[in-house]
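The values are calculated or read from the model by the stated rules, or taken from the named source; none is laboratory data. The structure displayed is predicted, hence computed values, not measured ones. Note: ideal-geometry Cβ built from the backbone for every residue, glycine included; neighbour counts use all protein chains shown.
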Amino acid sequence: MKDHYILFLFLLSTIPLWSQTTTFEDWETVGDFEIPVGWEVNNVYISDPVSVMEEEGYEGKALRLTSRGPTFEGFAPGTATAYFDLNLSVENFRFQYRVDSLIEGGFARVELYSSQDDYTELIGEWESAQLSDDFAEVTIPVPLSSEDYTMKVLLISGTTAGPLGFEGYTEWIIDNVVREGVIGSTANIGELPFETTPNPARDLIQVSLPDRMRSAALALFNAAGQLCWQGQQNQKMADHDLSSLPAGYYLLRVRSQEQQGVQPLVIID
């Protein structure tokens with residue numbers, strides 16, 4: 001058990017970020033133009049129906065987003081929107097970008113929204129009105145959530161609305177959209193003490209929550225930071241079946257609305 005304890009401490013100190021990455025390698029034809037799979041775009045102008053196109057990017061293909069619109073009204077903002085279901089609480093939204101063309105009044109912008117408030121309030125944002133010679137990386141912090149939710153990502157090739165139409169123009173490239181977090185992070189959230197028995201375990205574990213707590217979300221991660229199992233507990237003490245998991249070293253995270261705790265767990269044959 002001493003060796004197990006030493007390894008537990010090592011895992012807790014070195015566990016990597018979990019991450020979900022979206023690239024722009026897959027495209028589909030919609031009408032007369034191509035769009036990246038999983039994204040919605042505002043290709044609505046008959047005079048020039050292309051506001052997004054595939055481009056050699058940071059790694060492989062990328063998304064080039066441009067301002068488009070009837071000439072007499074100036075260039076209307078170009079947008080691309082996607083929705084990502086998050087089974088874990090994201091802490092960072094990260095991407096690579098390059099701004100290739102700007103006319104005064106133009107800007108590149110990213111807005112993040114959550115389904116928890118019906119996509120009405122920003123949970124993260126970024127904006128740039130400067131040209132860039134090469135790809136740069138941006139990380140947008142996102143508030144922790146104790147519940148699963150859907151993140152709306154809105155990419156904007158912006159222009160500024162004026163009295164006679166839109167002013168400015170923007171053309172930029174985005175690639176490698178990453179949602180990531182740290183399994184054991186307790187930023188902006190209290191520490192949750194809980195007990196797990198037995199440990200090491202075979203098929204079943206029993207999780208005991210603190211007094212007066214009757215609901216928590218459980219998640220089990222392997223040594224590579226990958227999510228292996230999820231569960232929900234709606235009483236102070238409950239059994240959970242882990243018989244489908246291979247033997248190995250894991251981290252068990254228990255999270256309530258305001259607290260979370262992480263403990264090492266060994267599963268044996």
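Within region 152-166, identify whether any single residue is on the phi > 0 side of the Ramachandran plot and not hydroxyl-bearing (Ser, Thr, Tyr), and answer yes or no. Before you say what the answer is, go through the steps one by one.
The first filter runs over region 152-166 and keeps only residues on the phi > 0 side of the Ramachandran plot, leaving 165.
Okay, now just the ones that are also not hydroxyl-bearing (Ser, Thr, Tyr), so 165.
Checked against the condition, which is being on the phi > 0 side of the Ramachandran plot and not hydroxyl-bearing (Ser, Thr, Tyr), region 152-166 yields at least one hit.
Let's see how each residue does on (1) assigned by TED's automatic domain parsing to the domain that holds residue 165; (2) over 26 Å from residue 216 (Cα atoms); (3) free of Cβ contacts under 8 Å to residues at least 40 places away in the same chain; (4) part of a strand (DSSP E or B):
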{"position": "101", "(1), (2), (3), (4)": "yes, yes, no, yes"}
{"position": "109", "(1), (2), (3), (4)": "yes, yes, no, yes"}
{"position": "113", "(1), (2), (3), (4)": "yes, no, no, yes"}
{"position": "123", "(1), (2), (3), (4)": "yes, no, yes, yes"}
{"position": "138", "(1), (2), (3), (4)": "yes, yes, no, yes"}
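With the checklist (1) farther than 17 Å from residue 157 by Cβ; (2) out of contact with any strand residue (DSSP E or B) (no Cβ under 6 Å at 6 or more places or on another chain) in hand, flag the one item residue 124 doesn't pass.
Unmet for residue 124, out of (1) farther than 17 Å from residue 157 by Cβ; (2) out of contact with any strand residue (DSSP E or B) (no Cβ under 6 Å at 6 or more places or on another chain): (2).
Provide a single number: the residues in region 85-115 that are of a type outside the set (Val, Ile, Thr), over 17 Å from residue 141 (Cβ atoms) and surrounded by fewer than 18 Cβ atoms within 10 Å (Cβ to Cβ).
Result for region 85-115: 6.
Every residue in region 9-44 that is part of a loop (DSSP other than H, G, I, E, B), farther than 20 Å from residue 108 by Cα and at pLDDT below 85, please. Working first, answer last.
Taking region 9-44 and keeping what is part of a loop (DSSP other than H, G, I, E, B), we get 15-16, 23-26, 31-32, 37-39, 42-44.
Checking the rest, the ones that are also farther than 20 Å from residue 108 by Cα come to 15-16, 25-26, 31-32, 37-38.
Across region 9-44, the qualifying residues are 15, 16, 31, 32.
Quick test of your reading of the structure: residue 195 fulfils all but one of (1) assigned by TED's automatic domain parsing to the domain that holds residue 263; (2) touching a residue at least 60 places away in the same chain (Cβ under 8 Å). Name the failing condition by number.
Checking residue 195 against (1) assigned by TED's automatic domain parsing to the domain that holds residue 263; (2) touching a residue at least 60 places away in the same chain (Cβ under 8 Å), the one that fails is (2).
Can you work out which of the residues in region 195-228 that are assigned to a loop (DSSP other than H, G, I, E, B) and within 25 Å of the chain's Cα centre (by Cα) is surrounded by the most Cβ atoms within 10 Å (Cβ to Cβ)? Don't jump to the end; show me each part of the working.
Keep residues of region 195-228 that are assigned to a loop (DSSP other than H, G, I, E, B), which gives 198-200, 202-203, 209-215, 223-226.
Going one step further and asking which of them are within 25 Å of the chain's Cα centre (by Cα), we end up with 215, 223-226.
On the way: 215: 12, 223: 15, 224: 9, 225: 18, 226: 11.
Across region 195-228, the extreme among qualifying residues is 225.
Going residue by residue through region 116-137, is there one that turns out to be closer than 23 Å to residue 68 by Cα and within 14 Å of the chain's Cα centre (by Cα)?
Scanning region 116-137 turns up at least one residue that is closer than 23 Å to residue 68 by Cα and within 14 Å of the chain's Cα centre (by Cα).
Given the criterion assigned to a strand (DSSP E or B), loosely packed, with under 14 Cβ neighbours inside 10 Å and not hydrophobic (A, V, I, L, M, F, W, C), identify the matching residue among 263, 232, 257.
Working: 263 fails: loosely packed, with under 14 Cβ neighbours inside 10 Å; 257 fails: assigned to a strand (DSSP E or B).
None of the other options fit; the residue is 232.
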